[in-house]
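One structure is given below, encoded as structure tokens.
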Amino acid sequence: MKMSVPQISCEQCSSRKKSVFCDLKKKFLEAIDLTKITNIYKKGQIIFHEGNPPLGIYCINKGVVKLTMVGKNGRESIIRLAVPGDMIGYRSLFSSENYLATATALEDSVICFLDKNFIQKTFYEDPSLAFHLIQHMSRDMGNAESRMTSFIQRSAPERIIEFLLFLEKSFGVKLPTGKIKINLKLTREEIASLVGATNETVIRCLSDLKGRGILEQDGKNLIILNKSELENFIATSA
Amino acid sequence: MKLQLTSNELGQLSQELGPVHFSHDFNFSYQKQIPQAGIVLLEGEIQLLKNNRIQETISPGFMLGIKNLLNEIPLKSGLFILKESKVIILNKTQILEGLKNPSSKLHWLMSKKEIFSSLKSASHLHKRKNDTYS
């Protein structure tokens, strides 16, 4: 996919309604427009690196970013996926710690950067930004807690199905046939890392779902044939 | 893209803006991106990368990316900071604040290096510059 450096006004941004900047006053949106740096990160390019100092926050306009951490055994784990409207890098910025994770573009992504000084200055001038940010952080924390509960209480196949439903919600595109195509290419290793399972378990579970006519594959894309069956599986196992 | 600073200029800038330490190799800005900040290298090395090849290795004492940042011009070469480098980060907000404050060391340095005068061509920042003075 060839992309040129975009000039995106915050007021026109399609992801704004989902971000912490949704209710900011016009004058602050204009100030953001003048300060932000918008760049394209190609698939595989790193936005920030674990262990390095935070420079500001990143707001995703288009694309998908994976946040990974390397464990003591040297194994990389994906801790979350960030999608348009999401903000990344704020935790380290506000805690004045170095980044605990590495952010990598999973596909060509358009990302806006706001520097640390601008964020601090805007907080003083418009406390509503701080309020929205707390809401955003609380949601992220809630998601992290749900994931932790899922890791403790659910089996690996249940977590994989739960993840398929998350993919459907975030990246699903309904086809004319009624099938739902997941518009994100993830490797089996990446799925395994996201759900905390082994590659073999992921392969076995996906094959099982294909065998039962719930899932199919078109190249690297997963296609959900029967969403309600997946939902039932999660509901009955809860 | 790069400007050399004297040891006096480096000292003055370090006093006003604390340096940061990069413990891991990092693509600070990729080729064809607008840098997220300007950088002044105090210790370590920065490589200028073009098409994934090292074009030049920058040693301490240089300021990089400022004009690209302020005029929103994509970099012809990526900036790759090698691990254990120490740099001063100059972000857009700090520079715009420097415009407002003639007594700041940043203002002094930017004027000396004719960086503020290069803003004349950047209408978006020129507007901001006028706003900050109003």
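The values are calculated or read from the model by the stated rules, or taken from the named source; none is laboratory data. These numbers were taken from a predicted model, which means no experiment stands behind them. No Cβ is skipped: glycine too gets one built from the backbone with ideal geometry, and neighbour counts run over all protein chains shown. Only protein heavy atoms, including side chains, enter the accessible area calculation; ligands, DNA and RNA are left aside. Shrake-Rupley method; radii C 1.70, N 1.55, O 1.52, S 1.80 Å.
If you check B:GLN55, B:GLN12 for being more than 16 Å from A:ASN52 (Cβ to Cβ) and outside any strand (DSSP E or B), only one passes: B:GLN12. When B:GLY11 is tested against (1) farther than 23 Å from A:PHE118 by Cα; (2) touching a strand residue (DSSP E or B) at 6+ places or on another chain (Cβ under 8 Å), just one condition goes unmet, and that condition is (2). If you go through the stretch A:54-96 and keep only what is more than 12 Å from chain B (Cβ to nearest Cβ), open to solvent by 30 Å² or more (accessible area, probe 1.4 Å) and without any contact (Cβ under 8 Å) to a residue 40 or more places away in the chain, you end up with A:MET69, A:GLY71, A:LYS72, A:ASN73, A:GLY74, A:ARG75, A:ILE79, A:PHE94, A:SER95. Scanning the stretch A:212-237 for residues that are part of a helix (DSSP H, G or I) and either within 10 Å of A:LYS179 (Cα to Cα) or hydrophobic (A, V, I, L, M, F, W, C) (or both) yields A:LYS227, A:LEU230, A:PHE233, A:ILE234, A:ALA235.
Taking the stretch A:41-53 as the search range and keeping residues that are of a type outside the set (D, E, K, R) and more than 7 Å from chain B (Cβ to nearest Cβ), which one is nearest to B:LYS86 (Cα to Cα)?
Here is the first cut: in the stretch A:41-53, the residues of a type outside the set (D, E, K, R) are A:41, A:44-49, A:51-53.
Then keep just the ones that are more than 7 Å from chain B (Cβ to nearest Cβ); that gives A:41, A:44, A:47-48.
Values: A:TYR41: 25, A:GLY44: 26, A:ILE47: 19, A:PHE48: 16 Å.
Step by step, filter the stretch A:41-53, then rank; the result is A:PHE48.
Residue-level check: of (1) surrounded by 16 or more Cβ atoms within 10 Å (Cβ to Cβ); (2) at pLDDT 90 or above, B:GLU45 misses just (1).
Considering only the stretch A:165-179, state which residues are under 16 Å from A:LEU225 (Cβ atoms) and either more than 23 Å from the chain's Cα centre (by Cα) or surrounded by fewer than 19 Cβ atoms within 10 Å (Cβ to Cβ) (or both). The answer is A:LEU165, A:VAL173, A:LYS174, A:LEU175, A:PRO176, A:THR177, A:GLY178, A:LYS179. Every test in (1) under 18 Å from the mean Cα position of the chain (by Cα); (2) over 22 Å from A:LEU106 (Cβ atoms); (3) of a type outside the set (Ser, Thr, Tyr) is passed by A:VAL195 save one, and that test is (2). Taken over the stretch A:107-135, residues that are under 14 Å from the mean Cα position of the chain (by Cα) and surrounded by 19 or more Cβ atoms within 10 Å (Cβ to Cβ) amount to 3. The lone criterion from (1) surrounded by fewer than 21 Cβ atoms within 10 Å (Cβ to Cβ); (2) facing chain B (nearest Cβ under 9 Å); (3) within 28 Å of A:GLY142 (Cα to Cα); (4) touching a Pro at 6+ places or on another chain (Cβ under 8 Å) left unmet by A:THR38 is number (3).
Any residue at all in the stretch A:118-130 that is part of a loop (DSSP other than H, G, I, E, B) and not aliphatic (A, V, I, L, M)?
So the first thing to find is which residues in the stretch A:118-130 are part of a loop (DSSP other than H, G, I, E, B), and the list is A:126.
Now narrow it down to the ones that are not aliphatic (A, V, I, L, M): A:126.
Yes, that holds for at least one residue.
Regarding B:SER23, is this residue in contact (Cβ under 8 Å) with a residue 60 or more places away in the chain, within 14 Å of chain A (Cβ to nearest Cβ), open to solvent by 10 Å² or more (accessible area, probe 1.4 Å) and not aliphatic (A, V, I, L, M)? It is true that B:SER23 is in contact (Cβ under 8 Å) with a residue 60 or more places away in the chain, within 14 Å of chain A (Cβ to nearest Cβ), open to solvent by 10 Å² or more (accessible area, probe 1.4 Å) and not aliphatic (A, V, I, L, M).
Rundown of residues vs (1) among the polar types (S, T, N, Q); (2) closer than 22 Å to A:VAL83 by Cα; (3) open to solvent by 30 Å² or more (accessible area, probe 1.4 Å), yes/no style:
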residue	(1), (2), (3)
A:GLU145	no, yes, yes
A:PHE163	no, yes, no
A:LYS181	no, yes, yes
A:THR201	yes, no, no
A:GLU216	no, no, yes
A:LEU230	no, no, no
A:ALA235	no, no, yes
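Please enumerate the residues belonging to the stretch B:66-97 that are in contact (Cβ under 8 Å) with a residue 60 or more places away in the chain, open to solvent by less than 10 Å² (accessible area, probe 1.4 Å) and within 11 Å of another protein chain (Cβ to nearest Cβ). Answer for the stretch B:66-97, where residues must be in contact (Cβ under 8 Å) with a residue 60 or more places away in the chain, open to solvent by less than 10 Å² (accessible area, probe 1.4 Å) and within 11 Å of another protein chain (Cβ to nearest Cβ): B:LEU75, B:SER85, B:VAL87, B:LEU90.
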